[in-house]
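Just below is one structure, and these are the notes that go with it.
The values are calculated or read from the model by the stated rules, or taken from the named source; none is laboratory data. No experiment lies behind these values; they were computed from the predicted model shown. With ideal geometry, Cβ positions are generated from the backbone for all residues, glycine too; neighbour counts draw on all protein chains shown.
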Amino acid sequence: MTHALGFFRSTIGKKVVMAVTGLILFGFVLGHMIGNLQVYLGPEALNAYALWLRELLHGGGLWIARSVLLASVVLHIWSATSLTLESRAARPIAYRKWEPQASTYASRTMRWSGVILLAFVIYHLMHFTFGNAHPDFVEGDVYHNFVAGFRVLPVALFYIVANVLLGLHLRHGVWSMLRTLGLAHPRYMRFAQGGAALFAAVVVLGNVSFPIAVLAGIVP
């Protein structure tokens, strides 16, 4: 137990926690996007999918998934915050002049995009799950809530911007996860980078299509 606690308190241990929880969250983001694609099949398909989720394992499946996701979010934030504080403590005096050399824009904005995405997730839950931030929320009618929510232009634009930030976060996050878990061998580095970029692009394009489709009348 002592050795395990020592490992998780170490820098490597925190990076492993961030990578594993990131993997869980990446899987959820992809699955959530694929599930929402049901909206293009009409209200019956999307509402039936939502009902299946609520009744999975006699109603327990959704709560198990929520518990795992909540634990993953908490541990992900803890490890990210701890690593950030360690990095700042290692260099208490900032660079007089700093210019990025090998880092990307996505990697340099990970901390800020993470904070903004946390705020977005909270709003997203209030908007589509709890309904207290929705202009016309109807319990159980997911299709109606989906369309009515995205018909509000500021809300649709907010979702689009948030998903662009999500894409930047995913692109660097997937790449970092592969390196931390030892899956980014130098021989395959180009493919790992390409895979991270492809994953981020698929998620962003899928999610951004929803508000655009509603505003354009493709989803009536």
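Take the conditions within 13 Å of the chain's Cα centre (by Cα) and at pLDDT 95 or above and apply them to VAL204. Does it pass? Walk me through how you get there before you give the answer.
Working: within 13 Å of the chain's Cα centre (by Cα): yes; at pLDDT 95 or above: yes.
Yes, satisfied.
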(request) Confirm whether GLY149 is modelled with pLDDT under 95 and of a type in the set (Gly, Ala, Ser). (result) no
(message) Condition first: more than 20 Å from ALA45 (Cα to Cα) and either surrounded by fewer than 17 Cβ atoms within 10 Å (Cβ to Cβ) or free of Cβ contacts under 8 Å to residues at least 12 places away in the same chain (or both). Now tell me which residues in the stretch 125-150 satisfy that.
(response) LEU125, MET126, PHE130, GLY131, ASN132, ALA133, PRO135, ASP136
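Where in the stretch 1-69 are there helices (runs of 4 or more DSSP H), lying fully within it, with 1 or more residues that are in contact with a Leu (Cβ under 7 Å, 6 or more places away or on another chain)?
Values: elements: 2-9, 11-36, 43-55.
Once the helices (runs of 4 or more DSSP H) in the stretch 1-69 are filtered for at least 1 residues that are in contact with a Leu (Cβ under 7 Å, 6 or more places away or on another chain), what remains is 11-36, 43-55.
Taking the conditions exactly as written (under 24 Å from SER209 (Cα atoms) and at pLDDT 90 or above), does LEU70 satisfy them or not?
Numbers: under 24 Å from SER209 (Cα atoms): no; at pLDDT 90 or above: yes.
Here the answer is no, as LEU70 does not meet what is asked.
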(message) I'm trying to understand the selection: among the residues of the stretch 28-43, which are in contact (Cβ under 8 Å) with a residue 12 or more places away in the chain and surrounded by fewer than 14 Cβ atoms within 10 Å (Cβ to Cβ)?
(response) ILE34, TYR40, GLY42
